[in-house]
Amino acid sequence: MSKLALDGGTPVRREPLLPGWPGGLLIGAEEKAQVLEVLDSQSLYRHYGPRPRRKVAELEQKFAQAVGARHALGVTSGTGALIVGLAALGIGPGDEVIVPTYTWVATVNAVVTLGAVPVFVDIDESLTMDPRAVEAAITPSTAAIVPVHMRGAGAAMADILAVADRHGLAVLEDSAQAVGGRYRGRRLGTFGRIGCFSLQYHKTITTGEGGMVVTEDTTLFERAVRYHDQGSVRVEELDELIPDESPLIIGVNYRMSELTAAVGVGQLGKMDWIIGQMRAHKARAVRGIAGIPGLTVRPLPDPEGDTGATLIFSLPTPEAATHCARALSAENVHASVPWTSGQHVYSHFDQLIERRFLSKRHCSWECPQYQGKATLRKNQFPRSDEILRRAVHIDLHPLMAESDVDDIVTAVYKVAEAVR
């Protein structure tokens, strides 16, 4: 056993691996050509200009086709997609929305922004929503379930949909971290009534910031279109699909720009190649570390649908996991324990715990009917905490060479021997 770099030894790698920015690392000629086409047109707004190129409409059509949905709507961010999707479902004050304890704060912020009540439920070893916990959390006020496909892999959608069907609840999929992933052969985001995606820089494909909303339901699509554009309908696809007497609603502005969409058009064609590369890298890494005593690779509801964006394994104790992540990073294989770093975990969302708004209004769950029942507090979900404290995460990306993956395996073996 060689001395750990953390203790002054020689690192496995001389240079750190590139960060996990799958689409971002592949920005090149295709995206540049698309953006220059828009700039040359002087038409940066999707609905009009001197020579509109209709890039948002093009991205929407191609994205819908790529994921297998009838409709797709381009918006400003993944957060915007969640807000627009929830609003289209009619979620509002007093409605309870079930969300997992492990997610990015945007999932919960979207619920709270609409005045609804987030109801957290435990995750299981897959790091996604536990369907059994969902069933136990349903009340007469429950209006929707939001499974989150975390770190490139889908939640147990068959079981979650079965729960939703039994109780007549809407399902909105938060697919921000698993763009292009699948579950039982079908693209994530197409199982619920609405699917929401992020095109932020850390995602499978990127526009820097941006998001997509997809649905099979034309009525829901119209509601999403109206909400994201000040209550109006100016999306070409809907012009001949809705009657003149379509109901009016109040909306805001989450419109995607032509420049954002231009980058997205260039990126979308690379999505399946990116996923194929990352899946191959992850498979090689999993084979390499499979025999390490005490190390358990993250179990998934459908391993074949994983995007391969993250290698995640668990160790027997939180102390071992934290030390392992620090030691791997010192070997120039960056690793993290998200619970410790405060990312994606309910107990670190202090603005929610303290109910902080810029205004003096109260959050929905402070209404009399929720007093003493819906208070969010740290360490409220010991099962989620225990699972997340033991989970070590390593980001992968499509430009890795096999030698890079082998370095990950070597580093994990080296560190595992030292922390046992």
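The values are calculated or read from the model by the stated rules, or taken from the named source; none is laboratory data. Keep in mind that this is a model prediction, so the values were computed, not measured. Counting neighbours? That spans all protein chains shown, and the Cβs are built from the backbone with ideal geometry, glycine included. Please note that ligands, DNA and RNA were not included when accessible areas were found on the heavy atoms of the full protein model with its side chains. Shrake-Rupley method; radii C 1.70, N 1.55, O 1.52, S 1.80 Å.
Measure of size requested: the Rg and Dmax of the range 1-129, with Cα atoms as the atom set and Å as the unit; please supply both.
When restricted to the Cα atoms of the range 1-129, Rg and Dmax are 21.9, 67 Å.
Using just the alpha carbons, could you tell me how many Å³ per residue the convex hull of the range 200-295 encloses? Don't skip to the end; give the middle numbers.
On the way: hull volume 15.3 nm³, N = 96.
Convex hull volume per residue, Cα atoms: 159 Å³.
Return the carbon/sulfur percentage of the accessible area of the chain, one whole number, probe 1.4 Å, all protein chains in place.
Within the chain, the accessible surface is 52 percent carbon and sulfur.
Could you tally the net charge around ASP7, taking each other residue with its Cβ under 12 Å from the Cβ of ASP7, Lys/Arg +1 and Asp/Glu -1?
So the environment of ASP7 carries a net charge of +2.
Label-point separation (nm) for GLU125 and ARG234, each offset 7 Å from Cα along Cα-to-Cβ?
In this crude spin-label approximation the distance works out to 5.3 nm.
When the helices in the chain are scored as -39500 (n - 2.57) per DSSP H run of 4 or longer and the sum is shared across all residues, what 222 nm value do you end up with, to the nearest 500 deg cm²/dmol?
Here the helix-only value at 222 nm equals -11000 deg cm²/dmol.
One-quarter of the Cα convex hull surface for the chain, in nm²? Don't skip to the end; give the middle numbers.
Values: hull surface 85.8 nm².
Approximately 21.4 nm², given one-decimal rounding.
May I ask you to derive the FRET efficiency for VAL286 and ASP40 from their Cβ-Cβ distance with R0 = 56 Å, giving the value to the nearest 0.05?
So, using R0 = 56 Å, E works out to roughly 0.75.
Where does the charge balance sit around GLY189 when Lys and Arg score +1, Asp and Glu -1, over other residues with C-beta under 12 Å from its C-beta?
+1
Any idea how far apart TYR201 and ASP350 come out in nm if each label point goes 7 Å out from Cα toward Cβ?
Calculated label separation equals 2.4 nm.
Antiparallel versus total DSSP beta bridges in the chain: what percent is that, nearest 5?
60
Calculate the radius of gyration of the Cα atoms of the range 130-213 to one decimal place, then report Dmax, the largest Cα-Cα distance, as a whole number, both in Å.
13.2, 40
In whole Å, what are the Cα extents of the range 86-192 along the three principal axes, biggest one first?
If we take the Cα atoms of the range 86-192, the spans are 35, 26, 24 Å.
Provide the per residue accessible area, probe 1.4 Å, for the chain, rounded to a whole number of square angstrom.
42
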